[in-house]
Amino acid sequence: MAKIDAFFKLMHDQKASDLHLVSGQPPALRINGDMERIKYRVLDNDVLRAMLYEIAPEDKVKVFEETGDVDFGYEIPGLARYRANFFMQKYGVAAVFREIPSTILTAEQLGLPGVISKLAMLPRGLVLVTGPTGSGKSTTLAAIIDVANRNRKDHIITVEDPIEFVHQSQGCIVNHREVGLHTRTFSAALRGALREDPDIILVGEMRDLETISLAIEAASTGHLVFGTLHTSSAAKTVDRVIEVFPANQQEQIRSTLADGLRAVIAQVLFKRIDKKGRCAALEIMIATPAVRNLIREGKTFQIPSSIQTGKRFGMQLLDDCILDLLNKGMISAEDAYAKANDKGKFRPMLKTPPSDFTEA
């Protein structure tokens, strides 16, 4: 048993999402969104480095020493998997670990709207799950893949950095590939995937032009592709995808994306005030003919209006979902205001509105 495993056991028992180990500071856990110090001595750089290197693969240690940061996955059988990131900072080494539960929560257990489960049964197209880091994108995607795995008879390939949720093959054959371990890059894995007879491809992160281009191509050639981006709304997601491409290609990409896109789910996590835990607010855009036309014509600023009028298709605006959580007494007005897209809607609900108010 590695020395660091005791921290992971504590992390699991405290239901923390993240563990922070930093040279020159005591360890800390993120519990329900808040950082809480562990009653433990200040971590010495050399002691922490030895502790971290004990669990890191040799090649990852080499990358870390050459570049100053590295990602990889670590697993304690019977407990959980962890997404690890080592990085150098002013006072020495540091690391952050995100716990990936060994049990995949179903869409029903997460309380996801029914329309999201239906996305798992699409024959083809591109589905994007977006939001800031730590907003639960991976958990939502894992629930969608779980629906497909249980109800389809297909081939699923996931490409992640590192592998997070592990799906045991059920109705589907599931292959997990880790960037840096099983493939060099996301784009290399996507190019390879097109020759590996996949029906469903999960791209852990659409980071660059080549990866986004290949994901759109795969969705346009008969595959169901799931991917993530760090955007805060459906309209901004569409803009981000298009703006990655050179100006002389954007017109063509608008048309290709309009044809291939099936849905965008934008989400944020909130700390609950009615009980311990967190809850998600989701914006859901389904690519109806009206939405496709807006994308094709470059009128993405009108997408929120289409979402507003498309409730019968399961669509909802993020701010409407946030307002619903607020009215149910599940989240605070301050948190709602901080994470809403249209802050003006939530300003009157604040006890002490900020004096320097902007719409940013």
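Below, the figures for the structure above:
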read-out: Subset of region 4-27 (residues that are in contact with a Gly (Cβ under 8 Å, 6 or more places away or on another chain) and loosely packed, with under 15 Cβ neighbours inside 10 Å); value: Gly24
read-out: Index of the failed condition, Thr256 passing every other in (1) free of Cβ contacts under 8 Å to residues at least 40 places away in the same chain; (2) out of contact with any Leu (no Cβ under 8 Å at 6 or more places or on another chain); value: (1)
read-out: Verdict on Ala258 being assigned to a helix (DSSP H, G or I), within 19 Å of the chain's Cα centre (by Cα), in the same structural domain as Phe301 (by TED's automatic domain parsing) and at pLDDT 95 or above; value: no
read-out: Helices (runs of 4 or more DSSP H) wholly inside region 288-348 that include at least 3 residues being over 25 Å from the mean Cα position of the chain (by Cα); value: 289-296
read-out: Selection count, region 243-255, where residues are among the hydrophobic types (A, V, I, L, M, F, W, C) and either under 17 Å from Pro304 (Cβ atoms) or not in a helix (DSSP H, G or I) (or both); value: 2
read-out: Test: residue in region 41-62 that is of a type in the set (Gly, Ala, Ser), closer than 29 Å to Arg262 by Cα and surrounded by fewer than 18 Cβ atoms within 10 Å (Cβ to Cβ); value: no
read-out: Selection count where residues are within 22 Å of Asp34 (Cβ to Cβ) and in contact with a strand residue (DSSP E or B) (Cβ under 8 Å, 6 or more places away or on another chain), scope region 125-139; value: 7
read-out: From Glu196, Glu210, Glu178, residue being in a helix (DSSP H, G or I), farther than 22 Å from Leu294 by Cβ and not basic (Lys, Arg); value: Glu210
read-out: Some residue of region 48-63 being assigned to a strand (DSSP E or B) and not β-branched (Val, Ile, Thr); value: no
read-out: Selection status of Leu122, outside any strand (DSSP E or B) and within 22 Å of the chain's Cα centre (by Cα); value: yes
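The values are calculated or read from the model by the stated rules, or taken from the named source; none is laboratory data. Source: prediction; values computed, not measured. Because the Cβ atoms are built from the backbone with ideal geometry, glycine has one as well, and the counts that use them run over all protein chains shown.
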